[in-house]
Amino acid sequence: MRGLAGSLRNPSGFGRGSIEGKTLSRGFPLKCMKNKLENLRKQILEELSKAKSGELLRELEIKYLGRKGELSNILRAVKDLSEKEKQEIGLLANTIKNDVSAKFYEIKKEVEGKEASTSFIDVTLPGKKIEQGHLNPISIIQAEMEDLFISMGFMVADGPELESDYYNFEALNIPKTHPARDMQDTFYIDKKNAAGEYDLLMRTHTSPVQVRAMQKYGAPLKVVVPGRCYRSEATDARHEHTLCQFEGLLIDKDINFSHLKGVLELVGKKLFGPETKLRMRPKFYPFVEPGTNGEYTCLLCKGKGCRLCKNSGWLEIAGAGLVHPDVLRAGGVDPEKYSGFAFGFGLSRLAQLKYGIDDARLAMSGDLRFLSQF
Ligand code: PHE
């Protein structure tokens, strides 16, 4: 086959680019060329009759009939012939192309029909496994927490991760000079805000959404805010620069500490089981008064003391307290009329505790070996 194609192109010059009407007119034996075309026809038909599979047919189609196939090459060269030769050779080449194409499709139909009737599906063969994605353990806990709070009538809100110094600190009673800023170092953004000040930073907690939500929805209000936060940490197994928190805020008339305690107790029981106890110890956060640490009986030792809880029997899990009057005011809520509580869970830490993840960096690593375990 190749040989024939080769001889057509070379040395007779019957190939793309090399053929010149001049050469042919000067005595290229028209008859010889016709013979070659006829031979090509014969050869193609012969090969076609032997082609028994769809795959082979496709190969032949490309080789002979395709855009770069041998017949097309010849047809392309016809334009360089003299008028008379053009007519004669062109006509012949076209007839051959049509004949061969017709035969080709006839055989193709036959082969395809046969293949369809002989192929069958072996249902006993092992199937192809469809890879499924996995939820990150943090997302699992987040969904659980959202469900719990939605069932108690809370709305789920969102806030910007790129936050202003005002919402992240100032509105939460943490002025520029306050030492509480040291505990939450973050990534500052070297772009000025609309007022021309360097005021943007990656939020260090979800608490700024407390003020944003009060400004937007007013009081009374029940809202939870899951979201990413950032701290400028030297990362190790216990510290990660990106962490997830779960904020809660409830504002209404006559809200007191017992309401907060009731809700935190419920969360503990839901997450770690009905035996879980809550302990609240005083802790300072500038945006609550009084402030507290929510601690639950250790989920591993159930309070007896183990490595996880550093033998204390308790795990520190949430920061919480009654919303400071200054923060209510920043949110446009009158502290004489309303009071409220707020809490912030470390979702990342919750996921670590619940699933026994011993390295804080894994949750954000995108490592499938890790993720596929959940
Ligand atoms: N925002 C605090 C933190 O990131 C947690 C907190 C939230 C404390 C709400 C009190 C009230 O540490």
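Here are the numbers:
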{"item": "Using θ = phi - 60° and Karplus 6.51 cos²θ - 1.76 cosθ + 1.60, couplings along the stretch 123-130 (whole Hz; Gly, Pro as x)", "result": "6, 8, 5, x, x, 7, 7, 8"}
{"item": "MRE, 222 nm, helices only [DSSP H, n ≥ 4, -39500 (n - 2.57), over the chain, to nearest 500]", "result": "-12000 deg cm²/dmol"}
{"item": "Formal net charge of residues neighbouring Lys108 (Cβ-Cβ distance under 10 Å; K, R +1; D, E -1)", "result": "-1"}
{"item": "Rounded to the nearest 20 debye, dipole of the chain from Cβ charges on Lys, Arg, Asp, Glu", "result": "1940 debye"}
{"item": "Signed unit charges on C-beta, dipole axis of the chain, positive-most listed residue Ser151, Ile189, Asn256", "result": "Ile189"}
{"item": "Full-extension gain in nm, Glu55 to Cys301, via 0.36 nm per residue minus C-alpha separation", "result": "82.0 nm"}
{"item": "Distant-in-sequence amide H partners of Thr235 (H built 1.01 Å from N, under 5 Å)", "result": "none"}
{"item": "For the stretch 217-374, diffusion coefficient by Stokes-Einstein and Kirkwood Rh (Cα), 25 °C, 0.890 mPa s, µm²/s", "result": "145 µm²/s"}
{"item": "9 Å beta-carbon shell around Ile317, net charge (K/R +1, D/E -1)", "result": "-1"}
{"item": "Global form of the stretch 223-280, assessed from the alpha-carbon gyration tensor, a/c cut-off 1.5", "result": "oblate"}
{"item": "Within the stretch 91-129: backbone nitrogen closer than 18 Å to the Leu30 label point (7 Å, Cα to C-beta)", "result": "91-96"}
{"item": "Cβ-isolated cysteines (cut-off 4.7 Å), the chain", "result": "Cys32, Cys229, Cys244"}
{"item": "Cβ-Cβ FRET estimate between Glu88 and Thr124, R0 fixed at 56 Å, reported to 0.05", "result": "0.35"}
{"item": "Residue with peak Gaussian network fluctuation, the chain [Cα springs, cutoff 10 Å], from Tyr167, Tyr230, Tyr105", "result": "Tyr105"}
{"item": "Nitroxide proxy distance, nm - points 7 Å out along Cα→Cβ at Asp326 and Phe284", "result": "1.2 nm"}
{"item": "Dipole of the stretch 255-337, positive direction: furthest Cα of Cys301, His324, Val267, with charges on the beta-carbon", "result": "Cys301"}
{"item": "Gained length - Ser365 relative to Gln215, 0.36 nm times residue gap less alpha-carbon distance", "result": "50.4 nm"}
{"item": "For the stretch 161-250, with +1 on Lys and Arg beta carbons and -1 on Asp and Glu, the positive-most of Val209, Tyr166, Thr177 along the dipole", "result": "Val209"}
{"item": "Calculated over the stretch 305-362: convex hull of Cα atoms, volume per residue (Å³)", "result": "116 Å³"}
{"item": "Long-range HN-HN contacts of Val288 with modeled amide H, under 5 Å", "result": "His324"}
{"item": "The stretch 87-153 and the stretch 163-185: distance between their alpha carbon centers, rounded to Å", "result": "57 Å"}
{"item": "Residue pairs, from the table Lys31/Lys68; Lys269/Lys310; Lys269/Lys354; Lys310/Lys354, whose Cα atoms sit over 18 Å apart", "result": "Lys31/Lys68; Lys269/Lys310"}
{"item": "Distant-in-sequence amide H partners of Ile255 (H built 1.01 Å from N, under 5 Å)", "result": "Ser339"}
{"item": "Cβ-Cβ FRET estimate between Glu47 and Ser372, R0 fixed at 56 Å, reported to 0.05", "result": "0.65"}
{"item": "Binned Cα-Cα distances of the chain, short to long, each 10 Å bin given as a whole percent", "result": "4, 18, 19, 11, 5, 4, 8, 12, 11, 6, 1, 0"}
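A short reminder: the numbers here are calculations on the coordinates, not readings from a lab. In this text, all values refer to a predicted model and were calculated from it rather than measured experimentally. Here Cβ is always computed from backbone atoms with ideal geometry, including for glycine, and neighbour counts include all displayed protein chains.
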